[in-house]
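Read the structure below first, then the notes.
The values are calculated or read from the model by the stated rules, or taken from the named source; none is laboratory data. Every value quoted in this text rests on a predicted model; they were computed, and no experiment measured them. We place every Cβ from the backbone using ideal geometry, glycine too, and count neighbours over all the protein chains shown.
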Amino acid sequence: MANDQKQNNEKGQVVKQKRWVYLLKVTWLVTQVLFVLLVMGLLFAGGVSAGYFASFVHDEPIRSYEEIKEDIYNIQQTGEVYFKNNEFIGYLRTEVHRQPVDIEEVSPHLIDAILATEDNEFFEHKGINIRALGRAVLEELSSPGKGTGGSTVTQQLVKNQLLTAERTYDRKFNELLLAMRVERMFSKEDILEAYINVVYLGYNANGTNIEGVGAAAEGVFGVSVSDLNIAQSAYIAGMIQSPGRYTPFNRNGTINEENLERGLVRMNYVLERMLETGRITQQEYNEALAFDIKGSLAKPEPTIVENYPYLTFAIEEAAIDILLDLRLEQEGLERHEVDNLEQYWEQARQDLFRGGYKIYTTIDKELYEAFQRVVAEAQFGPRSSIQTKTVEDPETGEEKEVGLLEQVGGTLIDNQTGAILAMIEGRDYNESQVNFSRSVRQPGSAIKPILDYAPAFELGVLQPASVIDDVPLFAPDGSRGYHMFQNFNRRFHGLVTVRKALEQSYNIPAIKAMEMARNHNSEAVLDYLHKMNLTMFKEEHLHELSGAIGGGGWNVSVEALTAAFATFANEGKYLKPYMIERIETMDGETVYEHQPEPVEIFSPQTAFLITDMLRDVVRSGTASRIGRRLGSLDVAGKTGTTSDAYDYWFVGYTPQISLGLWRGYERNDSLAGKYSERHQELWAQLIQTVRDIRPELVDAQARFKQPEGIVRRTVCSKSGLLPSKLCQQQGWLVTDYFNAKFVPTKTDDRVVEARIITVNGERYLAKATTPDDLVEKGIYVLTEKINYPPGWTERYKPLDWEIRAPAEEDSRQENGKVPAAPDNVQAKRSGGGITVSWSKVNESDLAGYRVYRAGDDGQFKHIASVLLHEGTVYQDSTVSGRDYAYYVTAVDIAGQESEPSAIAVSNAQDPDQFFLPDPPSQPAGLSGQGGELSVQLSWQANPDDEQVEYYQVYYAANAQGPFKPLGQTHGTSYTHTSLAGAGDYWFYVTAVNRAGESPPSKAVRVKVTGPPPAEPEPPGDGNRDGRGGNGDDNDNDPKPGNGDGNGNGNGGGKPPREGNGNGDGGNEQQDGGDNGNNEVHKTKGMASASHPFLCVHGAVYLFC
């Protein structure tokens, strides 16, 4: 406690010492001034004072009235910013906030408070007040910090506006001199008005410095300067002496209790002065003392930066550019002529922040704020996993790394004027301060209409139905040998129309289109781009193939690209995008007003053709999601994606507005998930928002107008030329719009009839001698040769490879010999077919192979030709469940065919066993010998190669027949015994193999003798059955059998004996019943009781 008291005593002594030093300095200064004034008064009559006074002001220039007026009234003002339709946005950012006012607008209480405190005799003196100087010294000595001051209002104005703040004799004498001159030049009201607008008054509730009573009234108390009451007026007047001590706010907008307490003390003094000088009554004084100053203090309000951070800086930047150009124009200069452009820019910036301009923008408040809400609710991908930034954890206060947000930037433009109606600068200003509607990125495929196709259309080298070959395009690459340009889907589509190429955003056609326009007139291409303010694109970029598809070393902003697209909607006329409609002074003088200056870039015909193709992008191309979302609305536009999906774009337009939209990370990282769907959905939602708020800007009935000079023509879709007969025959036709100036007049000559052979992966026109069945013969299209690096052909063939005719003929020569037959032929069942394979025949002039097939009949037929490039396998899918035999031949380019290869059977069977032989020839040498109730036949054997399986014996009762099968035998003789009776019989023989039955042999007649007479038998009882008869043959083969035989015999044992017998015929041995004779015989066929033959003894037929 003792130490604290000692320290307080020491501090008190130091304060007292400083106060006395200060008082001495003030006293000495005032004494010097009074002395000078006294000497001037005494010497003036003698003319001495003039020289003495001049010795102090010799460096002060003699200022004219105009110069002094300009400086006196050079009141730095805070600019105001307005939305479209004059809706107030806020005040421009400044280091000091100012709101100049006319003296008539100021509360009389404030004027009284200022004069009572700062210059009570203002309306009596001539610029300086000697009595006030003396009084100020005495007041400062008696009550430090509470005095009225010795300088008049005029002196303070001179010091603030005409002189520096240095404390020297020269500056003080200049102040006196100029104060008197100002009094002679200007009225008291003008001087007072200038003073109250420049006096510094601390800072407001937002922590911003303020100058002038207008800014103080609103900034300290939140009221207009005309509405200040006596207490508030006294508080503001009291702050003039020492703003830093009396301002009631801290820099962060909170109340500074210590300053407020000091300010209230100072306010009381001001009120006393007002009462003493008769400016207020005692009652007014008492009421002012009782007023709650603290309760009436202004509350912090969001500034323009807090409400619209991105927009504020964008407006400032645009306004500075305008003021810079105005300044250069005044000096007759262009930007490129100025070396110190940065200095001019800084002067323009200072002019903006101090000039008190009113900035009227084109931004539609409702649209702008609605866009921000839509973005806030839209779907975005995750934070970046590789691009991060350091932030402070709000809970722990520690620093941590977080991934960057997926960002978005957008610009909405009025097509007819170029006015920017709304912007999306980013998702969160606290997250990133980059304005993504104006920052530059690679445009990807979104640049194709601007850079590739529109210039080509305008120069007449392409039209929508023109055909470009979408095939692999290779460029040298030092590290990998080759770089291959590809499409997003990793496929090549061959001959496509320009319309299709743009609809599906194919890369190769775009590159070729840019090359065609560049080769035709590179200067014109650059001129088109530069007139659309795409000046970042240079001559060297025209030779970077990746530049044609939005890669390479150049970037573009959303705003710039959207304005370029709006050119198509505006019939080919470019309008520079702008957001500042006009700039006025606070007095209402217009210093700048935007005047649209359309620049014709493309013809209306080119603009329409590009627009019509971009319609297809939305209807059925890469932006079809937007087309489905917006229905019948007439929309055209283009998507764009950069390498590794770092950026995704859609720039689209209707007849009235254009909207460009980009998404990506602040630093490159790949977009995740279905970013294209998210992006197109957001674009459509923003357009729907415009339609809801400003339906006149999105008219569902509006359509892009077709200008004169546009015609529709049908051309060959493989060349873009007038269709030939062959082209029409193939149906290769397309109908599209043309600029009438560039309708093709030449008939197609690329669609041809051709015979093609493929050798070692390369396709050639076949020689005339090459057989037709070993070439691809048909209608083809002549195209330029694709310069594949070695080994790349098979991997990257275009989709129309099969209809492309090669430019070169097969250069191989016939080697003078017949090809060798293929080896190792195999035939194997595979699924529902048979796969035939063989070994390659190594002949330099080979054209291909022929495959032959036969059934078991051995009749081979040519079933297929296998072209050289198709390999050594043939899949026979025409077979059912049967087996077949195959052989293969090799054929050369002269048509010479090899000997057949070895035969291969699908079931791996020996061909000799597989094939059916020919039916046998008729047997020869048949002879017969009859005996007692028996016959014996014999004949010559058929040749072995006829593969006879057995011989069939037939009989008849007479030469005319009919002959019936009797039996079979594997030998060349046949015997039948036990004849039933004598007589003449006729016989012939056939040979049978797998192929069928031979013609019959010559028939022979055999006479059979009977047995000796038999003894009579006893009468029968009629119960004995007769012999079974021959069975009926029911199986339709040459063998007897499989029939039921019924026979009747006479009962009682006497001939004719009657009885019934049943026997079952069969293919092998069957039983035949002979109950009448009580006998059973084994037979190979059916026996008949009415026929004298009965089969017995196994396989041999015998007579009964």
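Can you tell me which residue in the range 776-824 is surrounded by the most Cβ atoms within 10 Å (Cβ to Cβ), limited to those that are of a type in the set (Val, Ile, Thr) and within 27 Å of Ser717 (Cβ to Cβ)? Give the steps one after another, and end with the answer.
Taking the range 776-824 as the starting set, the residues that turn out to be of a type in the set (Val, Ile, Thr) are 779, 781, 783, 786, 793, 803, 818.
When the remaining residues are screened for being within 27 Å of Ser717 (Cβ to Cβ), the result is 779, 781, 783, 786, 793, 803.
Values: Ile779: 16, Val781: 25, Thr783: 21, Ile786: 18, Thr793: 16, Ile803: 20.
Across the range 776-824, the extreme among qualifying residues is Val781.
Out of all the residues in the range 1009-1017, is one or more at pLDDT 90 or above and among the charged types (D, E, K, R)?
So the first thing to find is which residues in the range 1009-1017 are at pLDDT 90 or above, and the list is none.
Within the range 1009-1017, none of the residues are at pLDDT 90 or above and among the charged types (D, E, K, R).
Mind listing whichever residues of the range 459-473 are on the phi < 0 side of the Ramachandran plot and touching a strand residue (DSSP E or B) at 6+ places or on another chain (Cβ under 9 Å)? Please lay out each step first, then the result.
Step one: of the range 459-473, the residues on the phi < 0 side of the Ramachandran plot are 459, 461-473.
Listed by number, the residues that qualify are Leu462, Gln463, Pro464, Ala465, Ser466, Val467, Ile468, Asp469, Asp470, Val471, Pro472, Leu473.
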All but one of (1) part of a loop (DSSP other than H, G, I, E, B); (2) β-branched (Val, Ile, Thr); (3) touching a strand residue (DSSP E or B) at 6+ places or on another chain (Cβ under 8 Å) hold for Val690, so report the exception by its number.
-> (1)
So Thr254 clears everything in (1) β-branched (Val, Ile, Thr); (2) within 27 Å of Tyr357 (Cβ to Cβ); (3) at pLDDT below 95 except one condition, right? Which one?
-> (2)
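Closer than 29 Å to Ile420 by Cα and either of a type in the set (Gly, Ala, Ser) or in contact with a Gly (Cβ under 7 Å, 6 or more places away or on another chain) (or both) - does that describe any residue in the range 289-306?
Yes, the range 289-306 contains at least one residue that is closer than 29 Å to Ile420 by Cα and either of a type in the set (Gly, Ala, Ser) or in contact with a Gly (Cβ under 7 Å, 6 or more places away or on another chain) (or both).
For every residue, the table says whether it meets (1) farther than 27 Å from Tyr360 by Cα; (2) in contact with a Ser or Thr (Cβ under 9 Å, 6 or more places away or on another chain); (3) among the acidic types (Asp, Glu); (4) surrounded by fewer than 14 Cβ atoms within 10 Å (Cβ to Cβ).
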| residue | (1), (2), (3), (4) |
| --- | --- |
| Asn259 | yes, yes, no, no |
| Glu276 | yes, no, yes, yes |
| Thr312 | no, yes, no, no |
| Asp339 | yes, no, yes, yes |
Members of the range 245-272 found to be of a type in the set (D, E, K, R) and either over 12 Å from Gly207 (Cβ atoms) or more than 57 Å from the chain's Cα centre (by Cα) (or both), listed by number = Arg245, Glu257, Glu258, Glu261, Arg262, Arg266, Glu272
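Could you grab me the full set of residues in the range 712-732 that are within 33 Å of the chain's Cα centre (by Cα), surrounded by 14 or more Cβ atoms within 10 Å (Cβ to Cβ) and either farther than 12 Å from Thr497 by Cβ or among the aliphatic types (A, V, I, L, M) (or both)?
Quick first cut of the range 712-732, residues within 33 Å of the chain's Cα centre (by Cα) only: 712-721, 731-732.
Filter again for surrounded by 14 or more Cβ atoms within 10 Å (Cβ to Cβ), leaving 713, 715-721, 732.
Once the filter is applied, which keeps residues that are within 33 Å of the chain's Cα centre (by Cα), surrounded by 14 or more Cβ atoms within 10 Å (Cβ to Cβ) and either farther than 12 Å from Thr497 by Cβ or among the aliphatic types (A, V, I, L, M) (or both), the range 712-732 yields Arg713, Val715, Leu721.
Take the conditions assigned to a helix (DSSP H, G or I), among the polar types (S, T, N, Q) and farther than 21 Å from Met484 by Cβ and apply them to Ser522. Does it pass? Don't jump to the end; show me each part of the working.
Working: assigned to a helix (DSSP H, G or I): yes; among the polar types (S, T, N, Q): yes; farther than 21 Å from Met484 by Cβ: yes.
When the stated conditions are applied, Ser522 passes them.
Please work out which residue is nearest to Gly444 (Cα to Cα), limiting yourself to the range 635-686 and to residues that are of a type in the set (Ser, Thr, Tyr) and touching a Lys or Arg at 6+ places or on another chain (Cβ under 7 Å). Walk me through how you get there before you give the answer.
Taking the range 635-686 and keeping what is of a type in the set (Ser, Thr, Tyr), we get 639, 641-643, 646, 648, 653-654, 658, 665, 670, 675-676.
Filter once more, so that each one left must be touching a Lys or Arg at 6+ places or on another chain (Cβ under 7 Å): 648, 675.
Numbers: Tyr648: 8, Tyr675: 15 Å.
This residue is Tyr648.
Are there any helices (runs of 4 or more DSSP H) wholly within the range 214-318 with 3 or more residues that are of a type in the set (Gly, Ala, Ser) and closer than 16 Å to Ala113 by Cβ, and if so which?
Values: elements: 230-239, 243-246, 257-276, 282-290, 304-307.
Because the criterion is at least 3 residues that are of a type in the set (Gly, Ala, Ser) and closer than 16 Å to Ala113 by Cβ, the helices (runs of 4 or more DSSP H) in the range 214-318 that meet it are 230-239.
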Can we say Gly145 is buried (at least 22 other Cβ atoms within 10 Å of the Cβ), in a loop (DSSP other than H, G, I, E, B), modelled with pLDDT under 75 and small (Gly, Ala, Ser)?
-> no
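Of the residues that sit in the range 488-535 and are basic (Lys, Arg) and farther than 18 Å from Thr783 by Cβ, which one is surrounded by the fewest Cβ atoms within 10 Å (Cβ to Cβ)? First the steps, then the outcome.
Pass one, the range 488-535, residues basic (Lys, Arg): 490-491, 499-500, 512, 518, 531.
With farther than 18 Å from Thr783 by Cβ added as a condition, the list becomes 490, 499, 518, 531.
Numbers: Arg490: 7, Arg499: 22, Arg518: 22, Lys531: 16.
If we take residues in the range 488-535 being basic (Lys, Arg) and farther than 18 Å from Thr783 by Cβ, then Arg490 is surrounded by the fewest Cβ atoms within 10 Å (Cβ to Cβ).
I'd like to check which strands (runs of 3 or more DSSP E) are fully inside the range 569-648 and have at least 2 residues that are more than 26 Å from Arg691 (Cα to Cα).
Details: elements: 580-584, 590-593, 636-641.
Result: 580-584, 590-593.
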Count, please, the residues in the range 579-610 that happen to be in contact with a Ser or Thr (Cβ under 7 Å, 6 or more places away or on another chain) and either among the β-branched types (Val, Ile, Thr) or surrounded by fewer than 21 Cβ atoms within 10 Å (Cβ to Cβ) (or both).
-> 7
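When you check Phe565 against the structure, is it crowded, with 20+ Cβ neighbours inside 10 Å and outside any helix (DSSP H, G or I), yes or no? Quick ask: steps written out before the conclusion?
Working: crowded, with 20+ Cβ neighbours inside 10 Å: yes; outside any helix (DSSP H, G or I): no.
Taking the combined requirement at face value, the residue does not satisfy it.
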